[in-house]
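Computed from the coordinates by the stated procedures, all read-outs in this text should not be read as laboratory data. Everything numeric here is computed off the predicted structure, so don't read it as measured data. Glycine also receives a Cβ, built like all others from the backbone with ideal geometry; neighbour counts cover every protein chain displayed.
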There are 2 protein chains.
Amino acid sequence: MEDEILKEVFKEADFTSEELRSIGALLRKVSLKKGDILLSEGDTVLYTHFVYSGCLRTYFLDNAGKEHTLQFAIKDWWISDYTAFFTGDKALTNIECIQRATIYKLSRKDMERLYLEIPAFETFFRKKLERRFMALQKRVLGNLAQPAKDRYLSFIQNYPNIQQSVKNYHIASFLGITTESLSRIRKELAR
Amino acid sequence: MEDEILKEVFKEADFTSEELRSIGALLRKVSLKKGDILLSEGDTVLYTHFVYSGCLRTYFLDNAGKEHTLQFAIKDWWISDYTAFFTGDKALTNIECIQRATIYKLSRKDMERLYLEIPAFETFFRKKLERRFMALQKRVLGNLAQPAKDRYLSFIQNYPNIQQSVKNYHIASFLGITTESLSRIRKELAR
DNA sequence: CGCGACGTTGATTTGCCTCAACGATTGTGG
DNA sequence: CCACAATCGTTGAGGCAAATCAACGTCGCG
């Protein structure tokens, strides 16, 4: 994997150049086109993925057949079915490429080894996890405390770059509303 | 701090007994009675807290004056305003003791030092964080995909021990519904 | 061009909220 | 230990935000 890309993946980390090299040797490039499924419900989840370009989403399919988007990922984000990735259980979600993407995958096995060998590696992912945790908590709070319109406004404010890459029905399924409701909200805001 | 308690706090961790001792030296016991406020909105959050006994809750107060419970914590759980604790920002939430409690607090400063000195300490909290992350994601999914009744059923199934310690209006504010709605749900389920 | 995917609009329904009143339970001071 | 108040939970009537169901534009693409 190319050096500039590797530096970008771990730009906030505190690695020596040898450490960086040995980590980079474990990342594998994957190219995806729009519509590709990176992961399906029921799969064993061996990898987490760094998004170098493009856009992906994790979604859950409920009993009624409705999709609920858990996560979007664009440049510089990591994406996986984390619950399955952390526990070893089968995936409950699906990951779909929604805009032609280049990603780099890293296996749980290699991560476990790196956690032991390179303390700074564990620090890097602990901090990533802290940030993801905060974002999720903010989302829970939004779901509890805000009506749909406010959640939509927060969304386009917090993820201006994602908004361009995704369809409105993806946003609706992320916010927990129907496409019709989102359409009406957007109409009202357009005034 | 007493050795048996210390062992319980870190029972899943892989520490040497010297490591355990030096960590234990940094934990401070705090006793709380029902109604005590451990942390208020606007505070600087210097500590995270291990609950040895009793029950606490983290809640957010919205503009309309409504409470939204983010987290309950009973025996063996850690509790804080994590967003403020991680970032150093002021707390946006409050933490209240809802059942006489004994807790042990650990400062961020000490944690940072331990992260550097004892890699197994970072592993311990990374894994804790992974579990918290999974729980939160499950909650987001529930909010998106389930009606109030199903969320209530999941709650009493997942937290049977907490249910005894908290009032119904605490549960309602956790589920994102009113006490009246919860009352009607319970009535319907009682049949 | 014509078809499928996406977004919009309208009519109606529904799950949950609001407001108000009233039991039940808990806690407390006399 | 009882009396009374405060807190907590329940019930009912009415309202609202968002869902459902159905139909119809519009855009992009094979």
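So which of A:Tyr104, A:Tyr52, A:Tyr115 ends up being in a strand (DSSP E or B) and without any contact (Cβ under 8 Å) to a residue 60 or more places away in the chain?
Working: A:Tyr104 fails: without any contact (Cβ under 8 Å) to a residue 60 or more places away in the chain; A:Tyr115 fails: in a strand (DSSP E or B).
Answer to the selection: A:Tyr52.
So is A:Arg57 among the charged types (D, E, K, R), away from every other protein chain (no Cβ under 11 Å), surrounded by 16 or more Cβ atoms within 10 Å (Cβ to Cβ) and under 15 Å from the mean Cα position of the chain (by Cα) or not?
On the way: among the charged types (D, E, K, R): yes; away from every other protein chain (no Cβ under 11 Å): yes; surrounded by 16 or more Cβ atoms within 10 Å (Cβ to Cβ): yes; under 15 Å from the mean Cα position of the chain (by Cα): yes.
Criteria met by A:Arg57.
Against the conditions (1) within 23 Å of B:Leu136 (Cβ to Cβ); (2) among the small types (Gly, Ala, Ser); (3) surrounded by 13 or more Cβ atoms within 10 Å (Cβ to Cβ), where does A:Ala101 fall short? Just the number, please.
With respect to (1) within 23 Å of B:Leu136 (Cβ to Cβ); (2) among the small types (Gly, Ala, Ser); (3) surrounded by 13 or more Cβ atoms within 10 Å (Cβ to Cβ), A:Ala101 is out only on (1).
Restricting to the stretch A:152-191, name every residue that is more than 13 Å from DNA strand D (Cβ to nearest atom) and under 19 Å from A:Ile98 (Cα atoms).
Filtering the stretch A:152-191 down to residues more than 13 Å from DNA strand D (Cβ to nearest atom) leaves A:155-166, A:170, A:190-191.
Across the stretch A:152-191, the qualifying residues are A:Phe155, A:Ile156, A:Tyr159, A:Pro160, A:Asn161, A:Ile162, A:Gln163, A:Gln164, A:Ser165, A:Val166, A:His170.
Mind listing just one residue for me: the one in the stretch B:41-66 that is of a type in the set (Val, Ile, Thr) and out of contact with any strand residue (DSSP E or B) (no Cβ under 6 Å at 6 or more places or on another chain) and, of those, farthest from DNA strand D (Cβ to nearest atom)? Can you show your working first?
From the stretch B:41-66, those of a type in the set (Val, Ile, Thr) are B:44-45, B:48, B:51, B:58; that's our starting set.
Checking which are out of contact with any strand residue (DSSP E or B) (no Cβ under 6 Å at 6 or more places or on another chain) leaves us with B:44-45.
Details: B:Thr44: 29, B:Val45: 26 Å.
For the stretch B:41-66, the residue satisfying everything is B:Thr44.
Can you tell me which residue is farthest from the other protein chains (Cβ to nearest Cβ) among those in the stretch A:120-134 that are within 21 Å of A:Ile23 (Cα to Cα) and free of Cβ contacts under 8 Å to residues at least 60 places away in the same chain?
Per the stated criteria, the residue is A:Lys128.
Only one residue in A:Gln157, A:Gln137 is more than 10 Å from chain B (Cβ to nearest Cβ), more than 14 Å from DNA strand C (Cβ to nearest atom) and free of Cβ contacts under 8 Å to residues at least 12 places away in the same chain. Which one? Before you say what the answer is, go through the steps one by one.
Working: A:Gln137 fails: more than 10 Å from chain B (Cβ to nearest Cβ).
Going through A:Gln157, A:Gln137 in turn, the sole match is A:Gln157.
Name the single residue that is surrounded by the most Cβ atoms within 10 Å (Cβ to Cβ) among those in the stretch B:160-180 being more than 14 Å from chain A (Cβ to nearest Cβ) and more than 14 Å from DNA strand C (Cβ to nearest atom).
Top of the filtered list is B:Ile162.
I need the full set of residues from the stretch A:114-137 which are over 16 Å from the mean Cα position of the chain (by Cα) and within 20 Å of A:Arg151 (Cβ to Cβ), in order please.
Listed by number, the list is empty, since nothing qualifies.
Just a yes or no: is a residue in the stretch A:142-151 under 26 Å from A:Gly35 (Cβ atoms) and within 16 Å of DNA strand D (Cβ to nearest atom)? Write out each step before concluding.
Just the residues of the stretch A:142-151 that are under 26 Å from A:Gly35 (Cβ atoms), to begin with: none.
Checked the stretch A:142-151: no residue is under 26 Å from A:Gly35 (Cβ atoms) and within 16 Å of DNA strand D (Cβ to nearest atom).
Inspect the stretch A:103-111 for any residue being away from chain B (no Cβ under 14 Å), within 16 Å of DNA strand C (Cβ to nearest atom) and not aliphatic (A, V, I, L, M) and give the result as yes or no. If you could, list the steps in order and put the result at the bottom.
Step one: filter the stretch A:103-111 for residues away from chain B (no Cβ under 14 Å), giving A:103-107, A:109-110.
So of that shortlist, the ones also within 16 Å of DNA strand C (Cβ to nearest atom) come out as none.
No, the stretch A:103-111 contains no residue that is away from chain B (no Cβ under 14 Å), within 16 Å of DNA strand C (Cβ to nearest atom) and not aliphatic (A, V, I, L, M).
Among the residues in the stretch A:119-140, are any surrounded by 14 or more Cβ atoms within 10 Å (Cβ to Cβ), outside any helix (DSSP H, G or I) and within 16 Å of DNA strand D (Cβ to nearest atom)?
no
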